[in-house]
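Undergrad: Sharing a structure with you now.
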Amino acid sequence: MEVTLKHRPSFSLAVVNMAPNEQVKVEPGAMVSFSDGVNIETKAQGGLMGGLKRMVAGESFFQNTYTAPAQGGELTLAQALPGDMAILQMAGNEFMLQSGAYMASEMNVVTDASWGGARGFFGSGTLILLKVGGHGQLLIGSYGAIEERVLQPGQRYTVDTGHIVGFDASVQFNVRRVGGWKSTLLSGEGLVCEMTGPGRVLMQTRSEEALVGWLLPQIPQSSN
């Protein structure tokens, strides 16, 4: 597949040009449009256990496979929240994705759930990861723009769990409090992830959990 990213970084749209009879795996809800003759099949990738593992990682139990007709086809994709997209080239390496960042991939890219932490007591405490491997192009999405850091061996870097998009499997990580209990309770930061290189770390400039935290107080409460 050939992917062109448009309208970056706030309202990104991926235009996927598919070769004749090519198949592409797509997360449910990501499709915007497709050309005539493109066929869709929905099933649990990897069977029952594969679907359950994806649910553990916060993804959908089912996954859509789009197949282009003999003359090829076009498929456009977008994520639910405003933000950017990126294309990663998988070449036998492994990459850890935050729940919800996976959007689409070529058929030889494989995914598996990997537990990366527990839900914290004070927000921003969930770090459930999807392990991605295999070969081919991987399309990911973020809430906000994507910022990259490349860590050297032994270099440490701290990221709020709600801002993590993904990182190379070579990066070691540890979920912890942002500071002492006072800072954890009062700073509004909750839990953070301490990353240790070598490898890439991708961050998103906005946090879904921060959005929810802002929205909830704005919702009128029932007087009953």
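Taken together, the values in this text are just the output of simple stated rules run on the coordinates, not laboratory data. Since we're looking at a predicted model, the values are computed, not measured.
Undergrad: Which aspartates and glutamates have a Cα lying under 12 Å from the Cα of residue 6, excluding residues fewer than 8 positions away in the same chain?
TA: The qualifying aspartates and glutamates are 84.
Undergrad: Taking residue 43 as the anchor, which aspartates and glutamates have their alpha carbon closer than 20 Å to its alpha carbon, excluding any fewer than eight residues away along the same chain?
TA: Once the sequence-local aspartates and glutamates are set aside, what remains near residue 43 is 22, 27, 59, 106, 112.
Undergrad: Could you state the number of Å between the C-alpha centres of segment 204-224 and segment 63-105?
TA: 29 Å
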